[in-house]
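Report on the structure given below.
The values are calculated or read from the model by the stated rules, or taken from the named source; none is laboratory data. In this text, all values refer to a predicted model and were calculated from it rather than measured experimentally. So basically every Cβ, Gly included, is an ideal-geometry build from the backbone, and we count neighbours across all protein chains shown. To get the accessible areas, we keep the full protein, side chains included, count just its heavy atoms, and leave off ligands, DNA and RNA. Shrake-Rupley method; radii C 1.70, N 1.55, O 1.52, S 1.80 Å.
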Amino acid sequence: QVTAGSVRFYRPADARLDRTVALKLDAQGHMACDAAPLAAGNWRVQVQWTAGGLEYFHEESLVIGASTRNR
């Protein structure tokens, strides 16, 4: 069971755009994040969490396209 965590949206090209939100999982262990506030371009999503007394970290690259902004 996850006891704490955070999701960081890291923008390598401009650290002023970085955002961190608390990890809040639903009953199925999923979390949805609104991408609307994120500028188009390259991002890294960094997830940190604690479960069973152990700390975990996962990172993925994400590209948000300009056409995604209008959806």
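Table: residues versus (1) among the acidic types (Asp, Glu); (2) touching a helix residue (DSSP H, G or I) at 6+ places or on another chain (Cβ under 9 Å).
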| residue | (1), (2) |
| --- | --- |
| THR3 | no, no |
| ARG11 | no, yes |
| ASP14 | yes, no |
| ALA27 | no, no |
| MET31 | no, no |
| ALA39 | no, yes |
| ARG44 | no, no |
| THR50 | no, no |
| ILE64 | no, no |
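Within segment 10-20, can one find any residue that is under 12 Å from LEU62 (Cα atoms), open to solvent by less than 40 Å² (accessible area, probe 1.4 Å), touching a residue at least 12 places away in the same chain (Cβ under 8 Å) and assigned to a loop (DSSP other than H, G, I, E, B)?
yes
Looking at ALA4, is it modelled with pLDDT under 95, surrounded by 10 or more Cβ atoms within 10 Å (Cβ to Cβ) and either part of a strand (DSSP E or B) or of a type in the set (Val, Ile, Thr) (or both)? Before the answer, list the steps.
On the way: modelled with pLDDT under 95: yes; surrounded by 10 or more Cβ atoms within 10 Å (Cβ to Cβ): yes; either part of a strand (DSSP E or B) or of a type in the set (Val, Ile, Thr) (or both): yes.
Taking the combined requirement at face value, the residue satisfies it.
Restricted to segment 24-48, and to residues that are at pLDDT 95 or above and open to solvent by 70 Å² or more (accessible area, probe 1.4 Å), which residue is farthest from TYR10 (Cα to Cα)?
The residue in question is GLN48.
Select from segment 49-71 the residues that are β-branched (Val, Ile, Thr) and under 13 Å from the mean Cα position of the chain (by Cα) and write down the one among them that is surrounded by the most Cβ atoms within 10 Å (Cβ to Cβ). Before you say what the answer is, go through the steps one by one.
Quick first cut of segment 49-71, residues β-branched (Val, Ile, Thr) only: 50, 63-64, 68.
Next cut, under 13 Å from the mean Cα position of the chain (by Cα) only: 63-64.
Values: VAL63: 9, ILE64: 17.
Across segment 49-71, the extreme among qualifying residues is ILE64.
Going residue by residue through segment 23-41, is there one that turns out to be among the polar types (S, T, N, Q), free of Cβ contacts under 8 Å to residues at least 24 places away in the same chain and part of a strand (DSSP E or B)? Steps first, please.
From segment 23-41, those among the polar types (S, T, N, Q) are 28; that's our starting set.
Next cut, free of Cβ contacts under 8 Å to residues at least 24 places away in the same chain only: 28.
Keeping just the survivors that are part of a strand (DSSP E or B) gives none.
No: zero hits.
What is the one condition in (1) part of a strand (DSSP E or B); (2) on the phi > 0 side of the Ramachandran plot that GLU59 does not satisfy?
Just one mismatch for GLU59, condition (2).
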